[in-house]
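S.K.: Shown below is the structure under consideration.
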Amino acid sequence: MHVDPAYTSRGCAERGHIDRANRVPQAWFACRNCGFVDHADRNSSRNLRARAWELRRRGAPSTAPAPPRKHEESAHVVLPCGRGAGGTVLAYAP
């Protein structure tokens, strides 16, 4: 699912206060409202997780790609692809 990342680096993961001044040093987040301090990336990721959880709770469909299909062992074909020092080298083709 797509989560809008707007203001996640400026918003407090504890209380939700959004302010540009919360990010004075680039690597750290310090909320000017409640005093919460955390690493900036961790704070942003907590905000993204909270937004994703809220979207999921409201029934938003997932937009993640489906996992690749697993092939059955019998579906592989052995093809000769050249000669090595010990004989024929084989390749497996799906």
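The values are calculated or read from the model by the stated rules, or taken from the named source; none is laboratory data. Computed from a predicted model, the values in this text were never measured in an experiment. Positions of Cβ are backbone-derived with ideal geometry, glycine not excepted, and every protein chain shown enters the neighbour counts. We work out accessible area using only protein heavy atoms, side chains counted, and drop any ligands, DNA or RNA first. Shrake-Rupley method; radii C 1.70, N 1.55, O 1.52, S 1.80 Å.
S.K.: Where the accessible area of the range 21-68 is counted over protein heavy atoms with a 1.4 Å probe, how much of it, in %, is carbon and sulfur?
M.R.: On the way: 2080 of 3590 Å².
Carbon with sulfur: 58 percent of the solvent-accessible area.
S.K.: Roughly how many Å² is the accessible area per residue of the range 1-75, as a whole number, for a 1.4 Å probe? Don't skip to the end; give the middle numbers.
M.R.: Values: 5910 Å² over 75 residues.
Per-residue accessible area for the range 1-75 comes out at 79 Å².
S.K.: Could I ask something else about it? Roughly speaking, what is the stretch gain from residue 69 to residue 48, that is 0.36 nm per residue apart minus the C-alpha to C-alpha distance, in nm to one decimal?
M.R.: On the way: separation 21, 0.36 × 21 = 7.56 nm, distance 2.92 nm.
Computed gain between residue 69 and residue 48 is 4.6 nm.
S.K.: Continuing with the same structure: Net charge around residue 32, counting only other residues with Cβ within less than 12 Å of its Cβ (Lys, Arg = +1; Asp, Glu = -1)? Before the final figure, lay out each step's value.
M.R.: Details: positive: 10, 15, 20, 23; negative: 19.
Result for the local shell: +3.
S.K.: So, with +1 on the Cβ of K and R and -1 on the Cβ of D and E, and no other charges, what is the size of the charge dipole of the range 1-68 about its Cα centre, to the nearest 20 debye?
M.R.: Numbers: 12 positive and 6 negative charges, 25 e Å.
Result for the range 1-68 is approximately 120 debye, rounded to the nearest 20.
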